[in-house]
1. Where does helix 22-31 land angle-wise versus the long Cα axis of the chain, in degrees 0 to 90, nearest 10?
2. What is the P(r) of the range 32-172, as percent of Cα-Cα pairs per 10 Å bin from 0?
3. How much length would be gained if the chain were fully extended between residue 183 and residue 43, taking 0.36 nm per residue of separation minus their Cα-Cα distance, in nm to one decimal?
4. Report, for the range 8-129, the % of DSSP beta bridges that are antiparallel, rounded to 5.
5. Go ahead and set up a Gaussian network model of the chain, Cα springs under 10 Å, then flag whichever of 120, 89, 136 fluctuates most.
6. Mean-square fluctuation check for the chain, GNM, Cα pairs under 10 Å: which of 152, 188, 91 is largest?
7. Sticking to Cα atoms, compute the Rg of the range 132-179 to one decimal and its Dmax as the biggest Cα-Cα distance, whole number, in Å.
8. Tell me what the chain gives for mean residue ellipticity at 222 nm when only DSSP H runs of n ≥ 4 count, each as -39,500 (n - 2.57), the sum divided by the residue total, rounded to 500 deg cm²/dmol.
């Protein structure tokens, strides 16, 4: 029925990783198989599959280390070297130099991290963000769906709401019902391939 917001991730590494850019990271990973551990907050979550998509598209190996709790302390301590994480949770560590941002997972650069390239600048087509949308029950009259879509999109254009979403590390995602339907279908196909590649199973 309507998109709400997209929540980008940032690919970050511990400063001990010598790579300063995505191409340098790919070269380092290929030259040092088995040296890079990729942390996430659990199997199958957005940070995990974002990393698996990167592995698939870049042709690199990283050992996935799923945590039951917060993996950030171990990333900051260098016990793991790589993580895909939300921007709000990471931005102060990036700004202070405790972590190095190599790329954001949206198709374009983010206003919050303007000097950090999008991963897609080096891996065309890469995009790995969480998103939220609203759906109506099957059979809801078209005119009601269209009106709700118009009102939601108008709300997403409001400056105050945009600011609130930005504080949460999210970007407004206005779209038509048809565009949301296509996004859902495309994501099902895209992430099914990543899940198969990574051998991810429900736990």
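Bear in mind these aren't lab numbers, they're just calculated from the coordinates by the rules spelled out. On a predicted model such as this, the values are computed, not experimentally measured, just so you know. Cβ placement follows ideal geometry from the backbone for every residue including glycine, while neighbour counts extend to all protein chains displayed.
1. Between the helix axis and the principal axis of the chain, the angle is about 50 degrees.
2. Pairs per bin, as whole percents: 10, 33, 32, 16, 8, 1.
3. Details: separation 140, 0.36 × 140 = 50.40 nm, distance 2.29 nm.
Contour length minus Cα-Cα distance gives 48.1 nm.
4. Numbers: 10 of 17 bridges.
That works out to approximately 60 percent antiparallel.
5. 136
6. Top of the fluctuation ranking is 188.
7. Radius of gyration, then largest Cα-Cα span, for the range 132-179: 12.1, 36 Å.
8. Numbers: 7 runs with 84 residues, N = 203.
Taking each H run of at least 4 residues, the total per residue is -13000 deg cm²/dmol.
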